[in-house]
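Participant: Structure below; questions to follow.
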Amino acid sequence: MKQLELIIAGFGGQGILSAGRLLAYAGMLEGKNVSWLPSYGPEMRGGTANCSVVISDEPVGSPILDTANVLVVMNGPSLEKFEKSVVSGGLIISDSSLVEAKPKRTDVDFAGVPATQMASDMGNFTYANIIILGKLLAKTGIVSKESFEAALKKVLPPKKHHMIPDEMKALEMGHDY
Amino acid sequence: MAEKLLMKGNEVIAEAALRAGCRHYFGYPITPQTEVAHYMAKAMPKINGTFVQAESEVAAINMVYGAAAAGARVLTSSSSPGVSLKQEGISYIAGAELPAVMVNIVRCGPGLGGILPAQCDYFQSVKGGGHGDYKNVVLAPSSVQELYELTVEAFNISDKYRILTIILGDGMLGQMMEAVEFKDKEDIYQDDKKWACTGTKMERESNDVTSIYIQPEILENHNLKLQAKYKKIEENETRVETYNCENADIIVTAYGTVARIVKNVIKMAEKEGIKVGLIRPISLWPFPTAEFEKYAETPKAFLSVELSAGQMVEDVRLAVNGKRPVHFYGRMGGMVPSQKEVLDKIKEILNK
Amino acid sequence: MATVFKKPHALKDLSLHYCPGCTHGIIHRIIAEVIDELEIEGTTIGVSPVGCAYNNYEYFHVDMVQAAHGRAPAVATGIKRVHPDNYVFTYQGDGDLAAIGTAEIIHAATRGEKITTVFVNNAIYGMTSGQMAPTTLMNQVTTTSPFGRKPEIHGFPIKVCELLSQLEGAVYVERTSVHDVKNIRNTKEAIKKAFKVQQANKGFSIVEVLSTCPTNWGLNPIDSLKWLESNMLPFYPLGNFKGKDLEV
């Protein structure tokens, strides 16, 4: 994929914003142009969270996405809200342990990953976002796993660096699912 | 150059101010710029600087007035409704000729409006939202990197001319993360600020910082002096980016984040055989009139694209001065025009 | 010949613009004497208000900043945060401090800004010609309370010292008057102490000085002093409200 135009959406607390940020950081470390834009203000209050990420070889135009070529949803309402934003031929990835419905669209690729269940089995449900990103990396190849690990080192404070091996394990699990 | 960092626009503003030697920040919380205050609240105590969360925007701008009068590099930041409250202090800063920097991460109005991106405060910033014949320098960055560079520059311009410089962004720019590369060392304009109130130390006559001149002759002279200063700023501090304007069928003009959308439109249009140019004013005041004059007869028409009901378009019309039609396309309320919308408007104007 | 009386050095050799019988001049002189006696002329920065004293920056031999109406405490906050080792004072009237600048004075006080406020209360707006002030007394006639201040129309006067003394950041709060020699002396002692509070870095200090406005009260200077004594003192009791025993 030459240009990723991604919307990630779910509940606050699922690591939606940080997943987007990690991905953008990894893209930047590969020398690509990146932008990350969260939904902000009152929208945050309802418990939902979403962000837009662009990773591209070209300079990024608007960081606000009219349409996305990849949509990641980690709750049901987000699939309903953003399904129509995906371009034809695009990709939807859902956390199938939380999103029962499947996309109604037939012109897009779909992957359901029971990420929250897998993360809970690992002993830490907060890795669900990383598992999902593993799938995204496998499907799109937008950044390498090595860049993602490098981004983890940049984004996580040193006192959390001991978590990186587990995070990478989660990434692999999602990648290979 | 140091390594690239992925940072939020609002945080970059604060970091840039610190790098420019600003050690005093006064503000009041308002979405979508509050991260500037968060950053300053953390950073200032560590470097013996000042962070004060004021009781209001009115108080914050007057703290800025005091700190600037005392000779410090000082910053405040806010968003549209808060900036309305600051207008009193802004007029006094202009009258007393104090150097200061204010950031306005614009949201949609009128009234409490909404918190999404907008460019509806162009008039307020550029034409003077407060009372009196005055100008602020207004800089409109369109990327996080430029936000950093122009924030540093804003402090230099302010000190050089004893004027308020406004960084005019929008919620998109303030909230987004993008790569930014900080310089190892900033170029900082040095000024001894002999006029500042620092205490006489019994070594000089006392300094007064004031904006009141009751005698009409004196006040007129004061105003003439201000106008002469503004003219000098127009000559020296106009900033503009011109792209693809030679032989353009149409020249689109946009500032800030909207110019990014237009750059993508230019590529889309090229594929359809339409040559679109862009004039992106970086300084909204002083307005890059000369650049418009230069290309006034090049395209068939001009198009101003804004997140407003049409504000900058008035300055574009003045600059083009009737030589070509000047069209407008805008969205309001936090709606952002899509690339397709802008391209459709271009085609409509060119009858394609 | 020995000099027994002279102009304080901190006061410039200019004639003041105030009306005959107005007590602003006395208060200016007191501030200048205090600055002389504490030997802080070179390190003092003042803030002028909007009101009759709008241009008092011209009168003092210290650096001064003219502030917008009511904003002097915010301006002084900015100055003091830049120059924490300097003495910073505001000079404000009742409309400036207790009406349009209520938020600024309360918050400067509650933040414990290390500044001194000299609050001149003459129960009326002077500069704009005799309108009702937040401190105008009940039944007092002004150009905007032509039938006297009535509670059902105008509400009640604000007692600034009583109000501010509730705030922890305000460490020295005193009300004085300048209607006779004894009280002028007390005022000087209070203002001196207020500056020393700043010196000791203790917190916010304010001296409210009851003052006259013969022009807008419609009284001659002597009767104005009597009016102050018989009408203002009963409502605005003199004395220390906070920090009497503060070590400075």
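The values are calculated or read from the model by the stated rules, or taken from the named source; none is laboratory data. What you see is a predicted model; the values in this text were computed from it and never measured. For neighbour counting, all protein chains shown are included, and Cβ atoms are generated from backbone atoms with ideal geometry for every residue, glycine included. Accessible surface is based on the protein model in full, side chains and every heavy atom, while ligands, DNA and RNA are left aside. Shrake-Rupley method; radii C 1.70, N 1.55, O 1.52, S 1.80 Å.
Participant: Within segment A:58-82, work out how many residues are open to solvent by 10 Å² or more (accessible area, probe 1.4 Å), of a type outside the set (S, T, N, Q), in a loop (DSSP other than H, G, I, E, B) and in contact with a strand residue (DSSP E or B) (Cβ under 6 Å, 6 or more places away or on another chain).
Facilitator: Going through segment A:58-82 one residue at a time, the tally reaches 3.
Participant: When the residues of segment B:339-352 are narrowed to those that are open to solvent by less than 70 Å² (accessible area, probe 1.4 Å) and in contact (Cβ under 8 Å) with a residue 60 or more places away in the chain, which ends up nearest to B:ALA269 (Cα to Cα)?
Facilitator: Applying the filter and picking the extreme gives B:LEU343.
Participant: Looking at segment A:126-157, which of the residues that are within 14 Å of chain B (Cβ to nearest Cβ) and assigned to a helix (DSSP H, G or I) is most open to solvent (accessible area, probe 1.4 Å)?
Facilitator: The selected residue is A:LYS153.
Participant: Go through segment C:163-178 and count every residue that is assigned to a loop (DSSP other than H, G, I, E, B) and more than 15 Å from the chain's Cα centre (by Cα).
Facilitator: Keep residues of segment C:163-178 that are assigned to a loop (DSSP other than H, G, I, E, B), which gives C:165-169, C:178.
The next check asks that each one be more than 15 Å from the chain's Cα centre (by Cα); those that pass are C:165-169.
Selection size over segment C:163-178: 5.
Participant: Filter segment B:216-274 down to the residues that are free of Cβ contacts under 8 Å to residues at least 40 places away in the same chain, charged (D, E, K, R) and crowded, with 18+ Cβ neighbours inside 10 Å and list them by number.
Facilitator: If the condition is that a residue be free of Cβ contacts under 8 Å to residues at least 40 places away in the same chain, charged (D, E, K, R) and crowded, with 18+ Cβ neighbours inside 10 Å, then B:LYS263 is the only one that fits.
Participant: Quick one: what pairs do we get from segment C:139-168, first residue over 26 Å from C:ILE106 (Cα atoms), second exposed (fewer than 13 other Cβ atoms within 10 Å of the Cβ), C-beta under 6 Å, 6+ apart or different chains?
Facilitator: What qualifies is C:GLY148/C:ASN139.
Participant: From C:VAL82, C:VAL47, C:VAL75, grab the single residue that is open to solvent by 20 Å² or more (accessible area, probe 1.4 Å) and within 10 Å of another protein chain (Cβ to nearest Cβ).
Facilitator: On the way: C:VAL47 fails: open to solvent by 20 Å² or more (accessible area, probe 1.4 Å); C:VAL75 fails: open to solvent by 20 Å² or more (accessible area, probe 1.4 Å).
The match here is C:VAL82.
Participant: Would you mind finding the one in B:MET335, B:MET268 that is within 14 Å of chain A (Cβ to nearest Cβ), part of a helix (DSSP H, G or I) and aliphatic (A, V, I, L, M)?
Facilitator: Unique residue meeting the criteria: B:MET268.
Participant: Something else now. If a residue counts only when it is farther than 27 Å from C:THR128 by Cβ, which helices (runs of 4 or more DSSP H) contained entirely in segment C:179-248 have at least 1 such residues?
Facilitator: Of the helices (runs of 4 or more DSSP H) lying wholly inside segment C:179-248, those with at least 1 residues that are farther than 27 Å from C:THR128 by Cβ span C:181-199.
Participant: Follow-up. Suppose we keep only residues that are of a type outside the set (Val, Ile, Thr), within 12 Å of another protein chain (Cβ to nearest Cβ) and surrounded by 12 or more Cβ atoms within 10 Å (Cβ to Cβ) within segment B:182-201. Which one would you say is nearest to A:ALA26 (Cα to Cα)?
Facilitator: Across segment B:182-201, the extreme among qualifying residues is B:LYS193.
Participant: Can I ask one more? Tell me which strands (runs of 3 or more DSSP E) are completely within segment B:1-102 and hold 1 or more residues being more than 18 Å from the chain's Cα centre (by Cα) and within 12 Å of another protein chain (Cβ to nearest Cβ), or say none if there are none.
Facilitator: Correct list: B:5-8, B:24-27, B:50-53.
Participant: Going by the structure shown, is B:GLY109 touching a residue at least 24 places away in the same chain (Cβ under 8 Å), more than 12 Å from every other protein chain (Cβ to nearest Cβ), surrounded by fewer than 24 Cβ atoms within 10 Å (Cβ to Cβ) and under 19 Å from B:ARG331 (Cα atoms)?
Facilitator: Judged against the criteria, B:GLY109 is a match.
Participant: Of the residues in segment C:218-248, how many are open to solvent by less than 70 Å² (accessible area, probe 1.4 Å) and among the basic types (Lys, Arg)?
Facilitator: Total meeting the criteria: 1.
Participant: Checking B:TYR148 against (1) assigned by TED's automatic domain parsing to the domain that holds B:GLY132; (2) part of a loop (DSSP other than H, G, I, E, B); (3) of a type in the set (Phe, Trp, Tyr): exactly one of these is not met. Which one?
Facilitator: Failed condition: (2).
Participant: In segment B:117-130, which residues are surrounded by fewer than 22 Cβ atoms within 10 Å (Cβ to Cβ) and within 11 Å of another protein chain (Cβ to nearest Cβ)? Quick ask: steps written out before the conclusion?
Facilitator: First, pick out the residues of segment B:117-130 that are surrounded by fewer than 22 Cβ atoms within 10 Å (Cβ to Cβ): B:123, B:127-130.
If the condition is that a residue be surrounded by fewer than 22 Cβ atoms within 10 Å (Cβ to Cβ) and within 11 Å of another protein chain (Cβ to nearest Cβ), then B:GLY130 is the only one that fits.
Participant: Right, next: Among the residues of segment A:141-163, which ones are of a type in the set (A, V, I, L, M, F, W, C) and under 13 Å from A:TYR25 (Cβ atoms)? First the steps, then the outcome.
Facilitator: Going through segment A:141-163, the residues of a type in the set (A, V, I, L, M, F, W, C) turn out to be A:142-143, A:148, A:150-152, A:155-156, A:163.
A:ILE142, A:VAL143, A:PHE148, A:ALA150, A:ALA151, A:LEU152, A:VAL155, A:LEU156 - these are the residues of segment A:141-163 that are of a type in the set (A, V, I, L, M, F, W, C) and under 13 Å from A:TYR25 (Cβ atoms).
Participant: One residue is enough: does segment B:320-332 have a residue meeting the conditions within 14 Å of chain A (Cβ to nearest Cβ), modelled with pLDDT under 95 and open to solvent by 50 Å² or more (accessible area, probe 1.4 Å)?
Facilitator: Looking through segment B:320-332, none of the residues is within 14 Å of chain A (Cβ to nearest Cβ), modelled with pLDDT under 95 and open to solvent by 50 Å² or more (accessible area, probe 1.4 Å).
Participant: Something else now. Among the residues of segment B:218-234, is there at least one that is farther than 29 Å from B:TYR255 by Cβ, of a type in the set (Asp, Glu), away from chain C (no Cβ under 14 Å) and more than 29 Å from the chain's Cα centre (by Cα)?
Facilitator: No, because not a single residue in segment B:218-234 is farther than 29 Å from B:TYR255 by Cβ, of a type in the set (Asp, Glu), away from chain C (no Cβ under 14 Å) and more than 29 Å from the chain's Cα centre (by Cα).
Participant: Now a separate question. Looking only at segment B:163-181, filter to residues that are part of a loop (DSSP other than H, G, I, E, B) and within 14 Å of another protein chain (Cβ to nearest Cβ); which one of those is surrounded by the most Cβ atoms within 10 Å (Cβ to Cβ)?
Facilitator: Per the criteria, the residue is B:MET176.
Participant: If a residue must be away from chain B (no Cβ under 14 Å) and either out of contact with any strand residue (DSSP E or B) (no Cβ under 8 Å at 6 or more places or on another chain) or assigned to a strand (DSSP E or B) (or both), how many such residues does segment A:47-57 contain? Give the steps one after another, and end with the answer.
Facilitator: Taking segment A:47-57 as the starting set, the residues that turn out to be away from chain B (no Cβ under 14 Å) are A:47-48.
Applying the additional criterion that residues be either out of contact with any strand residue (DSSP E or B) (no Cβ under 8 Å at 6 or more places or on another chain) or assigned to a strand (DSSP E or B) (or both) yields A:48.
Total meeting the criteria: 1.
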